[in-house]
Protein chains: 2
Amino acid sequence: MRRCALIALIALLVSAPAFSDGGMWTFQDFPHEQLKRAYKVDVSQAWLDKVRTATIRLSNCTASFVSPDGLILTNHHCSEACLDDHSTAEHNLVRDGFLARTRAEELKCGTQLADVLMDMEDVTTKVTAALRGLDDKAANDMRKKTLTQLEQACEEDSKHGKFGPLKCESVDLYQGGQYWLYKYHRYDDVRLVFAPERAIAAFGGDPDNFQFPRWCLDMSVLRAYGPDGKPASTPNFLQINRAGPNAGDVVFVSGHPGSTDRLLTVAQLETLRNVDRPLWLLRASELRGRYIQFGKTSAEAARIIEDPLNTLENSIKVRRGELDALLDDRLMQSKREEEAALRAKVAADPQLAQATGDPWAEIEKAQLLEHQLYLPYTFLEQGAGFNSHLFSYARTLVRAAAERGKDNTARLREYRDAALPRVQQRLLAPVPAYPALEKMTLSYSLERMREWLGPDAAIVRQLLVKDSPDTLAARAVDGSKLGDPAVRKQLWEGGAAAVDASHDPMIELARSVDAAARAVRKQYEDQVEAPEEAAAEKIAHARFKVYGTSVSPDANFTLRLNYGTVQGWREDGHEVEPFTHLARLYERATDQDPFRVPDSWLKARDSLDLQTRFDLSTTNDIVGGNSGSPTIDASGHIVGLMFDGNIHSISGAYWYDTALNRAVAVDPAIMVEALRKVYKADGLLGEMHLK
Amino acid sequence: MRRCALIALIALLVSAPAFSDGGMWTFQDFPHEQLKRAYKVDVSQAWLDKVRTATIRLSNCTASFVSPDGLILTNHHCSEACLDDHSTAEHNLVRDGFLARTRAEELKCGTQLADVLMDMEDVTTKVTAALRGLDDKAANDMRKKTLTQLEQACEEDSKHGKFGPLKCESVDLYQGGQYWLYKYHRYDDVRLVFAPERAIAAFGGDPDNFQFPRWCLDMSVLRAYGPDGKPASTPNFLQINRAGPNAGDVVFVSGHPGSTDRLLTVAQLETLRNVDRPLWLLRASELRGRYIQFGKTSAEAARIIEDPLNTLENSIKVRRGELDALLDDRLMQSKREEEAALRAKVAADPQLAQATGDPWAEIEKAQLLEHQLYLPYTFLEQGAGFNSHLFSYARTLVRAAAERGKDNTARLREYRDAALPRVQQRLLAPVPAYPALEKMTLSYSLERMREWLGPDAAIVRQLLVKDSPDTLAARAVDGSKLGDPAVRKQLWEGGAAAVDASHDPMIELARSVDAAARAVRKQYEDQVEAPEEAAAEKIAHARFKVYGTSVSPDANFTLRLNYGTVQGWREDGHEVEPFTHLARLYERATDQDPFRVPDSWLKARDSLDLQTRFDLSTTNDIVGGNSGSPTIDASGHIVGLMFDGNIHSISGAYWYDTALNRAVAVDPAIMVEALRKVYKADGLLGEMHLK
C-alpha cells in the first residue's frame, strides 16, 4: 500500500502508467503478489531455484548455463578482455572473432571466473549485535571485522556442507538494513568457445551504444571447467527457446546489476552531481582523447587500445547519462519529496523518531568532509593518480606483503583470506602489458594529480621535483619487470621478504606512496564512511518500519530477479517498436567502422532470412552488470540475451522511469540464424539443442 | 540604497565585509559617490579621459600605451599567438622569447589590432523607436538591421569629425537596457617588441594558472604603427611607477572584461549549468587529451601544439570553475532570491507590472527550445562539428561570397561593412597551417558530431556514409590549398564567382553544410534569441525602474573601469599575503617544465635583488579579457599589469565574491629588474622612462 503511494508520486511526475516494472529483487524476497497483481502470472520456488543456480556471476558480467556440459552464454563485450588477452599483432580475435571447433581449442580466460549462488543466510542480527553500543568509527571497524569473521567461518563450515566448499561473501542490502552471507560455487577455469567479430557484436560502436533500435549480435559462448580440467557438469542449465518472445510477453531477467544509488539521501546525490560525476567525466574525457590519438600512431597501437577504449567510452556514456539525470530537476525534486515524506512519517511516530534521530543531517555533515577528502582519496588511494597495470601489480604486491602477515580480521578487507584467491588470479594471469600504453596512462594520471591536488601538495612535491610526469612514468615502466607473470609470481610467493628486497622501480614507486595513500584512506573511512554507514543503517531501519521491504534494495553486483514485458516506448511523439529485423542491418550499414558489416555477413547475406528478429526491448529494470543476463519466460526458457539499455535506462541508477526506461536484448532467432549460416557452428547448436 | 540591500544579502551569504569592490563600470557612468564613500578617493573627468584613451583593446586582450611613440604594454599570453606565428622548428620565439634591438626588428602581428575608445553615444531611444510594435521575431531582425544602419552612419559621420575616421560598434548594455555606439580609433599594424621566455612568463604553467601566490613575468611589449608605417604618436600614454603599490592602496583597472552572466535569469543560469558547461567541458577535455598525445609524436608537433594547448587548458580551467560556481547552491540560492526580490517589487507596482508582464516565464519557455536546438546549433553553426582553421577560412569565403552581394543591413551581422576589414585581416594573415593538426581536429569534431547528434542525423548521414571522420578529414585537408594566404586572397578578391567555381575540397565541404547550418541558426535566432532578447529588455527596464544603474552592466568586451585595493584574502583559515618576491621563485623551481626557471634567469640570479616584488593580488573585479589591463593608482600611474585572478575569481562570471575574489597582477618592480638585468633591454627602459 505504502509503496503504491510512492510509485504514484513518481508516476505522476513522469506520466507513467499506474504500475511499475521497476525493482531489482532478491531471490529470497521476490514480490510474488505484486507480479500476480500486475500480470496474473507467478513463478514457483522450483522455478526460482533453477533460474538462480543456472545464473552465473562472471568477474564483470552475468551469464547462464545453456548446456549440461558447462556451456555458458554471455555477451561479446563480457569476453572482450579475454579475446584481447589472446590477440597479437598477427591474430586479432577481437576483430576476427573465434570459434573452437573442438574442446581442445577452447582458450582459457586468465582473469575470468564463474560463480553460482548456492545459498543465502541472513546474518543481520549477528552483525547488529556486534556493533551495539559502539561509536560510528569503532562500529565501522567492527563491522568489517565481523563480516570477515562470518565469511571465514562460513567457508570452513561449507567444506562439510551439502554443496561442498563454497566461497562466502557478505552482502549489505538496503544500505546496512540487512546483512547476508551469499555462498557461491566457484569455477575458476573458464574458457572461450565462440565469439563473433566485434563489428557485428557491437555494430554501431560507441555512437549506437545505449541506443535502440539496434542490430548487435552481442553474444559469446564460454565453458566452465572443473578442477580436474574437464568440462563442468551443469544439469541445471536453461534451454534457449529459438522462437524468442512476442510483444507484450512477460519476461524475467536474472542477473547481477552492478550498482544503483536509488536509496541515497539528497545530500549524497548532490555530492555525486556536484563533485564525483563532473570530475570523473573530465578525467575520462581527456583519457579518451589520449587513447584515440595513441591508437593512431600505428596499427598495433590501434589494436592495443581498442578494448580499453571501448570500455572507457561505455563508462563515459553511462556517467554522462547519470550526470544528466542528476541535473534533471524532475529527478531531484522527486527525491526531495520522497525524503521529506519518509522524514515526516518518522517524525509522526515518537518512538521511531526517538530511535532514528536525524541521520539525514549526519549524512549531510559527512558530505562536507567527503568534498574535502574527495581529491586526495581519489588520486592517492583509488588509483586515479597511478593509472597503470604495472602500478596496480606493484601496489597489490606491496600491500599483500604487509597485509598477509596480519591476522585475517585486522587486514584491509580486500586482502582477507576469502579474497586472496581472486587477488592472486588477477595478479598472476598471463595478461600482456604494453609499455608504451603504460607510460602514457601513468604520465597522464600523474599530470592530473598535479593539476587537481596542486603543485604544492606533499605527494606532488615528493614525486615531481626532479621528474616530470613523463620522465617518472618512463623510468618506472621501462625499468620494471612486473610485466612478466613469472616475476610477479616469484614476488607473490616470496612474500614480504621478497617484496621488501625488490628494487623494481614500480615497486619502489608503490612503496613510496603507500603510507600517504593508507593515511587518506583511513581518514576517509573514519570521517566519511563511518558516519555515513551508521546514518544509513538508521535510515534503513526507519524505512523498513514505514515501508517494509516493498522497495527493492540498491544493486551491488549480487543476484537479483526482475520482471517486465517485451515493449517499446514513446519517444518524442513517435512509437519505438520493440523488435528490429536483419534486413535493416544491411540498409543501415556504411563503408566505415563502426557501421561496417563484417565480410562474413556480407558473404552470407543471400542465405540469411532477412525477416529474422535481431534485437528487442523490454521494460525490465536492469543496469550495468546485468550484461549477459538471460531473459527468461514464465516457463523457464531463455528468450533473449540482455546486453544494453536504451539511453533513458542510464537514469536507472537513481530511479526507474516506467515510461522511458527500456532494457535491450539479443533475440534468440538471430543467434541461431548466425550460428547456423554465418559461422557454421553446428557443434555448438547441437550442444544447445538448437540444431 | 536599494543596491545596498542587494549587497547586504550577498554579503550575508559569504560573510563579506559591509561594502563590495565588485562592479565593471562604464566610463560614462562611473560611481564616483560609491568610491568616495568606500575610500574617500575620487578621480576627475580629466583622469578618466586620459585613462580611457591610453587603454587599448587588442583582438583578445587589453593593453595600454606606455610611451609617446606607440609602445604598448600587455601580457605575454596576449602575444603568444603572434610569437607562435613567427616561430619555426628552428626558431621558437614562444620558448626563447624575443627582443627587438631596433625598430626595424619589430615583428608584425598578423591578426592583432589596437582599438582606442574615443567617444560613446547613447542610441537607446533610436533603437527602441525602431522596434516599437514589432513581435519578438521581427524585433530581433529589426534590432540587428537598425544597429548596422547606426554603425554605418556613424562611420560616415566620423570622417568629418574631430578624431578622423573611426570604427563604430554598437554596444548592448544591461541585456538590451541601453544601446550605445562606441567609436574607436583603430591601429591595424601592431608589432612585437619584447617578450620573455614562456617558462618565466607562465612559470608554473597550467597547474599554477588561476593560483596565487604566483611568480609570472606575464608581460610583453608591442608597438602601434600608423598607416604611414611609422610608430604611432600616442601622447596620452601612462607612466609606469617602478615602485609599484603598497598593501591597502586603492587601485583602478581599466580594460575589457570579456563576458559575465550576472544579470541572467535563474532559468538561463540553469541552462548553462545543465547543458552548456558540461557539454563544452566534455568536448574540451577530450581535445586536451588529443592535443597532448599529438604533441608527443615529435618535437615539431610539440611546438605546434603548445599555443593551442595553453589556450585550451586555460579555457578548461575557467569553464570548470564556472561549472563549480553554478553547482554551488549558495550561488543559485542567492540568484533565486535576487530574482524573487525584483519580481516582488515589480508586482507591487501595478503600472510597472503592467508594462513588464512576465518576461521570466518567457525566458524559461525559451530554455526548452534552447535545450532542443543546443546540439545542432553548436555543431553545425558554431563550428563544434568542423574544428579546423582551413574549414573556418572556407566558411568565411563561402559565406562572404553570398553575403557581400546583399544590402549591408540584410547580411549576417558578422559580414556587415563595418566588420569586413577585420574579417579580411583574419582571413589573409600569413598564419601557418599545419595539416596533421588540422586533420586531427577536424576528424575529432566530426566524430563528436556523430556521437552527439547521433548516427542517424541528416548531416551525419550526408557526410559519413562512404567516409569515416578520419578519411573525410584527410581528403578535405590534404586536398585543400587554403593554407596558402595567396589562394585565400585570390578567392576573397574573386568574390562569389571565384568561390562558386572552386573545387577545393574544404570549400566544397563548407558549401555542402552551409544551408543546414544557416537553417539551424535562423531557427535558433527566431525561437531562442528573439524571445530571450525581448524578455531581457523588459527585465532590464524593470530593473532600471527599481534599482537605477546602481548595478553595473554585464561584461561584453567593451571598456570598463573598476576600483579595489591591494589585498590578500583568507583561505582555509590562513592569510594569503598580497605580494610575492623573487627569492621564492628560485626556491619553488624544479628541474622540469612548467616549473623550470629559464637559463637566462639562472645565469642572472646573482645580480638580481631577491627581495624584488614579483606578483600581487587586489580586490579588483576582473575577468578574462582584462588580461593586460593597466592597474592604475589614483594619480594615474601604472602600478601593475593584470594577468590573472585567483581560483575564486572564476565565479566572477556570475557574482562578485568580496571575501575571496582576487585579481592578480605583475608588479612593476620585477618588470624593471628583469628588463634591466636579465634582458639588458636598456632601450626599452629608456623609452618608458624607467632607466
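The numbers here are math on the coordinates, done by the rules we state, and not lab data. Fair warning: this is a prediction, and the values are worked out from it, not measured in the lab. Note: ideal-geometry Cβ built from the backbone for every residue, glycine included; neighbour counts use all protein chains shown.
Basic side chains Lys and Arg get +1 at the Cβ, acidic Asp and Glu get -1 at the Cβ, and with that the dipole of the stretch A:266-546 about its Cα centre reaches some 440 debye. Using the Cβ-Cβ distance between residue B:91 and residue B:152 with R0 = 45 Å, the FRET efficiency computed as 1/(1 + (r/R0)^6) comes to roughly 0.55.
Give the shape of the stretch B:354-430 as rounded, prolate or oblate, defined through the alpha-carbon gyration tensor: a ≥ b ≥ c are the square roots of its eigenvalues, a/c under 1.5 means rounded, and otherwise the shape is prolate if a/b is larger than b/c and oblate if not. Oblate is the answer for the stretch B:354-430, as a/c is 1.5 or above yet b/c matches or exceeds a/b.
The distance between label points at residue A:497 and residue B:680 comes to 6.6 nm (points 7 Å beyond Cα on the Cα→Cβ vector). Dipole of the protein assembly as shown computed with +1 at Lys/Arg Cβ and -1 at Asp/Glu Cβ about the Cα centre; of B:233, B:469, B:618, farthest Cα towards the positive end is B:469. Once divided by 2.2 N^0.38 Å, the Cα radius of gyration of the stretch B:387-539 becomes 1.13.
Using a simple spin-label model with pseudo-atoms 7 Å out from Cα toward Cβ, residue B:29 and residue B:412 lie 3.2 nm apart. Shown here are the Rg and Dmax of the Cα trace of the stretch A:116-187, at 12.9, 41 Å.
I'd like to verify something in chain A: which complete DSSP H helices, judged by Cα projection on the helix axis, reach 24 Å or more and average at least -0.5 on the Kyte-Doolittle scale?
Values: long enough: A:136-158 (32 Å, -1.41); A:277-295 (26 Å, -0.32); A:299-326 (39 Å, -0.31); A:329-347 (26 Å, -0.98); A:359-376 (26 Å, -0.37); A:435-453 (26 Å, -0.46); A:505-524 (28 Å, -0.20); A:530-547 (25 Å, -0.37).
Those that clear 24 Å and a mean of -0.5 are A:277-295, A:299-326, A:359-376, A:435-453, A:505-524, A:530-547.
The modelled label-to-label distance between residue A:129 and residue B:571, using points 7 Å beyond Cα along the C-beta direction, is 5.4 nm. Cross-link partners for residue A:466 among the aspartates and glutamates, with Cα-Cα distance under 15 Å and sequence neighbours closer than 8 places in the same chain left out: A:447, A:456, B:587, B:591, B:593. Across the stretch B:233-242, computed HN-Hα scalar couplings (Karplus, 6.51 cos²θ - 1.76 cosθ + 1.60, θ = phi - 60°) run 8, 9, x, 7, 7, 9, 8, 7, 9, 5 Hz from first to last residue, x flagging Gly and Pro. Considering only A:563, A:665, B:490, and ranking their Cα positions along the charge dipole of the protein assembly as shown that arises from unit charges at the beta-carbon of Lys, Arg, Asp and Glu, the one farthest toward the positive end is B:490.
When the P(r) of the protein assembly as shown is calculated, the portion above 42 Å amounts to 52% of the C-alpha pairs. Remark: relative contact order (the stretch A:266-546) = 26 percent; criterion is Cα-Cα distance under 8 angstrom and separation of 6 or more residues.
Rounding to the nearest 20 debye, state how big the charge dipole of the stretch A:116-187 is about its Cα centre with +1 on each Lys and Arg Cβ and -1 on each Asp and Glu Cβ.
Numbers: 11 positive and 12 negative charges, 22 e Å.
The dipole magnitude comes to about 100 debye.
Listed by chain and number, the lysines placed with their C-alpha closer than 18 angstrom to that of residue A:691 are A:677, A:680; residues fewer than eight positions away on the same chain are left out. Our estimate of slack between residue B:333 and residue B:159, defined as 0.36 nm per intervening residue step minus the Cα-Cα distance, is 57.6 nm. Beyond 29 Å between alpha-carbons counts as too far, so tell me which of B:144/B:230; A:126/A:183; B:137/B:406; A:317/A:345; B:317/B:538; A:126/A:159 fall in that bin. Too far apart for the 29 Å limit: B:144/B:230; A:317/A:345; B:317/B:538.
Which order results if A:65, A:237 are arranged by neighbouring Cβ count within 10 Å, fewest first?
Numbers: A:65 25, A:237 22.
Placing the least packed residue first, the sequence is A:237, A:65.
Set the Förster radius R0 to 30 Å, insert the Cβ-Cβ distance between residue A:689 and residue A:41 as r into 1/(1 + (r/R0)^6), and round the FRET efficiency to 0.05. Efficiency at R0 = 30 Å is approximately 0.75. Hydrodynamic analysis of chain B uses the Kirkwood radius over alpha carbon pairs. Inserted into Stokes-Einstein at 37 °C and 0.692 mPa s, it gives a translational diffusion coefficient of 124 µm²/s.
What residues from the stretch B:658-678 fall in the zone where the backbone N is under 16 Å from a label point 7 Å along the Cα-to-C-beta line of residue B:605? Under 16 Å, as judged by backbone N against the label point of residue B:605, lie B:678 of the stretch B:658-678. Sorted ascending by nearby beta carbons within 10 Å, beginning with the fewest, B:91, A:389 become B:91, A:389. Compute the FRET efficiency between residue A:592 and residue B:515 as 1/(1 + (r/R0)^6), taking r as their Cβ-Cβ distance and R0 = 25 Å, and round to the nearest 0.05. Plugging the Cβ-Cβ distance into 1/(1 + (r/R0)^6) gives 0.55.
Kindly put A:53, B:631 in sequence by how many other C-beta atoms sit within 10 Å of each C-beta, fewest to most. Don't jump to the answer; show the numbers that get you there.
Details: A:53 18, B:631 31.
Sorted ascending by nearby Cβ count, the order is A:53, B:631.
The residue list B:263, B:193, B:279 was ranked by how far each Cα lies along the charge dipole of the stretch B:187-324 toward its positive end, using unit charges on Cβ atoms, and B:279 comes out on top.
Taking only the C-alpha atoms of the stretch B:380-422, the Rg (one decimal) and the largest Cα-Cα distance, Dmax (whole number), read 11.1, 30 Å. Considering the stretch A:266-546 at the alpha-carbon level, its Rg and Dmax are found to be 21.9, 69 Å. Think of each Lys and Arg Cβ as +1 and each Asp and Glu Cβ as -1; about the Cα centre, that makes the dipole of chain B roughly 660 debye.
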